[in-house]
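Undergrad: Following this message is one structure expressed as structure tokens.
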Amino acid sequence: MFAVDFLDEAVVEWHRTEDGVRTVEREDYHPTIYVAGPAEARVDLREALDADPKVVETMMVHDQWHLDLHAAEPEPVLRIDCARVDEVRTLAREIRHHHERGSYPPGTLRLFNVDLAPGFRYCVETGTSPVPAHDLRSLRVGLDEKSLADGEVDSLHVEGEPAGEHADAALRTLARRLDRVDPDVLLLSHGDLVPLLYEAASDHDVDLELGRRPGWTRLAGSNTYESYGRVGHSPARYDVPGRAIVATNNSFLWHESSLAGLEYMVERSWRPIQETGWASIGTVLTAMQTREALSRGVLVPWNKWEPETFKDARTLHAADRGGVTLSPEVGLHEDVHELDFASLYPNVICRHNISPETVGCACHADREDVPTLGYSICDEPGFLPDVLQPLLDDRAELKRRIRAADTDADTSEPESISAAIKWVLVSCFGYQGYRNAKFGRIECHEAINAVARDVFMEAKRILEAGGWRVVHGIVDSLWVTACEGREQAPLDELAAEISDRAGITLEHEAAYDWVCFVPRRGTQAGALMKYFGKSEDGDYKLRGVEARQRSTPDWIDDLQRDLLAVLDEHREPEPVVDRLRVWLCDLRAGRVDPADLVISKRVGKRLADYDQRTHTVAALQRYDRHGVDRHPGQPVNYVVVADAARNAERVRLDFEACTDYDADYYADLAMRATESIVSPLGWDRDDITNYLHERRDAALSAFL
């Protein structure tokens, strides 16, 4: 099965077969929620729900479900079977705000299995796998934002090619391709293409159906949210019968891992591909945890309720720390090696059996298994390791296959799946400390950090004892170079020793001809995540500098990478600044294409909420003129044409005709990018400016 549709009378499963598609209809499916609480409260609730049309059946269950991961025995609950999947949350809110309120104290009734996505709920409740038995067919359909806002489909693209010169031809082309390909997955550039295509087809009298049956449904409206201090925007979501929709502009997993990564996460999470496509990494991880919890007979709480355990001040001081970060030695270092622990936090979780129900267990209260914190850890197999170990095993096997592949072999699929797994593994640790995580626990988060710190510092000690100097270290990565005047033990032997002691592989990630650690702007202290270097195979690795920032224009990106090549050749700041002069000459002479100067910024709030007249405000004003909606969390793309202006004339949008730009503004960006390159050599912005003013003639090599 690859898709599921919920109709008024039945549920329709869509299965990909070798010859085509078949459907299975079920009229007996009813989604279920559970309510725990005192016996009297459950009896009263059951009687109150007897006449509720949203309820099909209620049942007292006594010996089947545990209410949390710590529970030793099942507890009695009220099972409620709902008539329709879209009425589950409505009923849950009524129980909490109507049936409980006024009769019992708040929190008397606890609800479970409430906020599961419809397709995922169907799969886990019925045991129906959403993993297709055969390869899925897909079709890419795209439209630029300006045309989408204007409601015009003339520039519609199908599989990357123009569909036609005008709307009528484009729509007919799309209809023919849908009929010929018969896709299971529609890869749409924007979800809002669904209503627009139907409206356009009606206007032009074109027989077009995006689904395998007539019609379409809006599943959810657009909304703005904040996560980890960052504003995001989720566009409206749509559904068509018999096909899965993946809106590529709103799918992190698609962007990072393509269709292969999505299908792998479907297999692990059991969220159908459409629900996996729009899900965040945390949502996918929660689905994996939900599957594991249900398999253990543990219900999924609607709201996290477990409080942090009491700690004395000394324990709080020791526990409230993150990973180890060493202040980098600012400057250019030659012959540097980077060593990384493979998936450090997930491996710490699995090797040390760290899980919400194992940390601080009562059966081993006399043990101190977590360094510096003294927490005990139960010997019984943990819930979280059971979720993560298959991911670690799969990623290790994928990386082995990639390394063993011939140089001309296509490794795109294993690389895509490995990338998808990586993001879940990266998120699993932080999610333990997330206040809304269904199975998160702060003591679990603290224990993982404590063990990881111990592993890191032991690795540092062994490397230094072996004659190596650690020039930088961040959580799970160390950069080392040989200590002068000392004999060095082979790095592979030291890495093997560290790996054996920690039980976690320390990998030799890369060897660099040189690495530069960049100081924080205006200081001599090293920036933790701002460095660049050249590996022995000739590739450059960049972190934190302008060429790695999403807002950076292509021209600045190209400039900085060119300056890196000059630095690699000369290892001195003067030739780098000489090369900058050449780029500035082209800029001021108007020889730069404005399309290469587009800046992309994420909108933090609504236009009316801004107090300052920034570039973002000017861009929002221009979007408003064109009738293009821009919500907090969405990007704005513009070229600065008159930085001194304080209105919408300050910028031009990327889709507007633009033949000019503000050379002084982009020269300032170029200076900042250059400072990042030469600051490890001791030069700052003033040094660059003085050198440019004092020397009028650049070296001939700067032009080559």
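Every read-out reported here was derived from the displayed coordinates using simple, explicitly stated rules and does not represent laboratory data. This is a predicted model, so every value here is computed, not measured. Methodologically, a virtual Cβ is constructed for each residue, glycine included, from the backbone with ideal geometry; neighbour enumeration extends over all protein chains shown.
Undergrad: Which of 438/541; 541/601; 530/601; 438/530; 438/601 have a Cα-Cα distance over 26 Å?
TA: Numbers: 438/541 37 Å; 541/601 24 Å; 530/601 20 Å; 438/530 35 Å; 438/601 33 Å.
Among 438/541; 541/601; 530/601; 438/530; 438/601, the Cα-Cα distance tops 26 Å for 438/541; 438/530; 438/601.
Undergrad: Taking the beta-carbon count within 10 Å as an exposure proxy, list 243, 268, 652 from fewest neighbours to most. Mind showing how you got there, number by number?
TA: Values: 243 27, 268 21, 652 24.
Listing 243, 268, 652 from fewest to most nearby Cβ atoms yields 268, 652, 243.
Undergrad: Any idea how far apart residue 367 and residue 223 come out in nm if each label point goes 7 Å out from Cα toward Cβ?
TA: So the label points at residue 367 and residue 223 sit 4.2 nm apart.
Undergrad: Excluding residues on the same chain fewer than 8 positions from residue 399, give the lysines whose Cα lies under 17 Å from its Cα.
TA: Those lysines meeting the cut-off are 422.
Undergrad: Taking only C-alpha pairs under 8 Å that are 6+ residues apart, what is the relative contact order of segment 544-703 in percent?
TA: Relative contact order of segment 544-703: 28 percent.
Undergrad: Of the GluC sites (Glu not before Pro) in segment 157-256, which ones lie in a loop per DSSP and count no more than 16 other C-beta atoms within 10 Å?
TA: For GluC sites (Glu not before Pro) across segment 157-256 that sit outside H, G, I, E and B with at most 16 neighbouring Cβ atoms in 10 Å, the list reads 159, 165.
Undergrad: Using the Cβ atoms and a cut-off under 11 Å, what net charge is assigned to the surroundings of residue 519, where Lys and Arg are +1 and Asp and Glu are -1?
TA: That works out to 0.
Undergrad: Okay, next question. Multiplying the sequence separation of residue 48 and residue 687 by 0.36 nm and subtracting their Cα-Cα distance, what value in nm do you get?
TA: In short, 222.2 nm is gained.
Undergrad: Sequence gap at least 6, Cα distance under 8 Å: using those rules, report the relative contact order of the chain to the nearest whole percent.
TA: RCO, the chain: 10 percent.
Undergrad: Taking the number of other C-beta atoms within 10 Å as the exposure measure, put 428, 363, 444 in order starting with the fewest. Numbers along the way, then the final one.
TA: On the way: 428 23, 363 10, 444 26.
With the sparsest Cβ surroundings first, the list reads 363, 428, 444.
Undergrad: Any chance you could check the Cα centroid distance between segment 162-193 and segment 326-387 for me, in angstrom?
TA: Between the Cα centres of segment 162-193 and segment 326-387 lies a distance of 50 Å.
Undergrad: Compare the Cα positions of 38, 299, 88 along the charge dipole of the chain (+1 at Cβ of Lys, Arg; -1 at Cβ of Asp, Glu; about the Cα centre) and return the one farthest towards the positive end.
TA: Among 38, 299, 88, the one farthest towards the positive end of the dipole of the chain is 38.
Undergrad: Run the numbers on segment 138-295 and let me know its relative contact order in percent, using alpha-carbon pairs under 8 Å that are six or more apart.
TA: 17 percent
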